[in-house]
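Throughout, read-outs are computed from the coordinates displayed, never taken from laboratory work. All values reported here derive from a predicted model rather than from experimental measurement. Reconstructed Cβ throughout: ideal geometry from the backbone, glycine too, with neighbour counts over all protein chains shown.
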Amino acid sequence: MTNSNRSGTFSLGSRTVNRIGYGAMQLTGPGVFGPPADRQGALAVLRAAVDAGVNHIDTSDFYGPHITNQLISEALYPYRDTLTIVTKVGALRTGDGGIYAACSAAQLTAAVHDNLRNLRLDVLDVVNFRYMAGGIPPDGGAIEAPVAALAALQQQGLIRHIGLSNVTASQLAEAQKITPIVCVQNRYNIVQRHDDALLDECARQGIAWVPFFPLGGFTPVQSSALQQIAGRLGAAPMQIALAWLLQRSANILLIPGTRSVAHLHENLAAGALILPADAIAVLDQLAL
Ligand SMILES: NC(=O)c1ccc[n+]([C@@H]2O[C@H](COP(=O)([O-])OP(=O)(O)OC[C@H]3O[C@@H](n4cnc5c(N)ncnc54)[C@H](OP(=O)(O)O)[C@@H]3O)[C@@H](O)[C@H]2O)c1
C-alpha cells in the first residue's frame with residue numbers, strides 16, 4: 001500500500017482517487033504569482049508526490065498564471081493512467097499579480113483551452129467553476145450561466161466532470177439542475193467549519209468535499225490543543241489537522257499544499273493516524 005492510500009479512496013465522477021492528494025498552488029512564486037525561486041525543487045515535489053502514490057493533484061491555470069500547470073506537465077507528462085488532475089476556472093490574473101473574476105462563456109472557454117495546452121491534455125478530468133464574487137465565504141449569487149458554459153464544453157468532450165468552488169448550498173442546487181457536480185471545494189479546516197451543513201449534504205449525495213486551506217492556508221493552523229494531541233500520539237500538529245479532516249467525513253479528499261518533500265511525506269503519513277474519541281472531542285472544540 002502506498003503512503004497516499006492508507007486512508008482509502010473516494011470517487012470524483014468516474015475517477016477513483018486516494019483520499020490524500022496534493023494541492024499544487026504553492027509551487028509558484030510568492031502570492032501564487034510568477035515562477036518559483038527553486039524550479040527544480042518544485043519539480044521534485046511533484047515527482048515525489050506521484051512516486052508516493054498520490055493520484056489526485058489540484059491546480060489551476062491562474063496559478064502563476066500558467067506556471068503551476070507547466071510545472072506539472074514538465075514533471076509528470078506522460079501522466080500515469082491513474083492520475084487525476086483537477087483544475088479550476090473562473091478567474092484571471094492582472095500583470096501585477098491581482099486576481100479577478102472571469103466567467104463569461106468566452107473567458108471560460110479560453111481558460112479550458114489554456115489548461116488543456118499547459119497540462120498537455122486532450123480532455124480535463126475535473127474542472128471546478130471557482131465562484132469569485134463575495135470573496136470567502138461566497139455571496140451565493142447566480143452561477144447558471146458559467147455552469148451552463150462549462151456543461152457545453154463538457155458536451156464537446158473537453159471536460160469529463162464538473163465541480164464547484166467557493167459556493168453555497170443554493171448555488172450547488174442551481175448547478176445540479178444543469179449538470180452533475182462531482183466535487184465541492186470550499187475553505188474548510190479544523191478551525192473554519194462554517195460549511196459543516198454543506199459538507200454533510202455533499203456526503204449524503206456522494207459528492208466529494210475537497211477543503212481548500214486544509215492546514216489554514218499560507219500560515220498553517222496552530223493551537224496548543226493540536227500540539228498537545230500530536231505530542232501524545234507521536235505525530236506532527238499538521239498531521240493531526242489532516243487526520244481530523246479524514247475522520248470528519250468519508251467524502252473528504254485532502255489536497256494539502258507544500259513546497260517541501262519532507263512536509264509532503266509527513267502529510268501523506270497522516271492517512272495512517274487514527275485519532276481516539278477523546279482527542280476528537282478536544283479538537284471539535286477548536287472551531288472559530
Ligand atoms: N478553490 C480555491 O479557491 C482554492 C484556494 C486556495 C487553495 N486551493 C487549493 O488548495 C490547496 C491547498 O491549499 P494551500 O496550499 O493554499 O494551503 P494549505 O494546504 O492549507 O497550507 C499550506 C501551507 O502549509 C504549510 N505546510 C504544508 N504541510 C505542512 C506540514 N506538514 N507541516 C508544516 N507546515 C506545512 C505549507 O508550507 P511549506 O511549503 O513550507 O510546507 C504552506 O505554507 C492548494 O494547493 C490549491 O490547490 C484552492
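A few remarks follow.
- In order along segment 107-114, the Karplus-derived 3J(HN,Hα) couplings, from 6.51 cos²θ - 1.76 cosθ + 1.60 at θ = phi - 60°, round to 5, 5, 5, 4, 5, 4, 5, 4 Hz, and Gly and Pro are given as x.
- Amide H contacts of residue 84 (H built 1.01 Å from N, in plane; Pro and chain starts excluded): 56, 57 sit under 5 Å, all sequence-distant by 5 or more or on other chains.
- Taken over the chain, the ratio of Cα radius of gyration to 2.2 N^0.38 Å equals 0.94.
- Only the Cβ atoms of Lys and Arg (+1) and of Asp and Glu (-1) were treated as charged; on that basis the dipole of the chain about its Cα centre amounts to roughly 340 debye.
- Segment 135-217 - Rg (one decimal) and Dmax (whole number), Cα, Å: 12.9, 41
- Dipole of the chain [Lys/Arg +1, Asp/Glu -1 at C-beta], most positive-end residue of 185, 107, 85: 85
- Amide hydrogen neighbours beyond the local backbone of residue 187, cut-off 5 Å, H modeled: 166, 212
- Annotation: the antiparallel percentage among DSSP beta bridges lying fully within segment 28-136 is about 25.
- Across segment 151-166, rounded Karplus estimates of 3J(HN,Hα) from the backbone phi angles (6.51 cos²θ - 1.76 cosθ + 1.60, θ = phi - 60°) give 4, 5, 5, 5, 5, 6, x, 8, 9, 7, 9, 10, x, 10, 9, 6 Hz, Gly and Pro being marked x.
- In the chain, helices alone account for a calculated mean residue ellipticity at 222 nm of -11000 deg cm²/dmol, with every DSSP H run of four or more residues adding -39,500 (n - 2.57).
- Net length gained if the chain between residue 281 and residue 196 were fully extended (0.36 nm per residue, minus Cα distance): 29.0 nm
- Summary value for segment 1-67: 38 percent relative contact order, contacts being C-alpha pairs under 8 angstrom separated by 6+ residues.
- Phi to ³J(HN,Hα) by Karplus 6.51 cos²θ - 1.76 cosθ + 1.60 over segment 56-67, Hz, x for Gly, Pro: 9, 10, 9, 8, 6, 6, 8, 7, x, x, 6, 5
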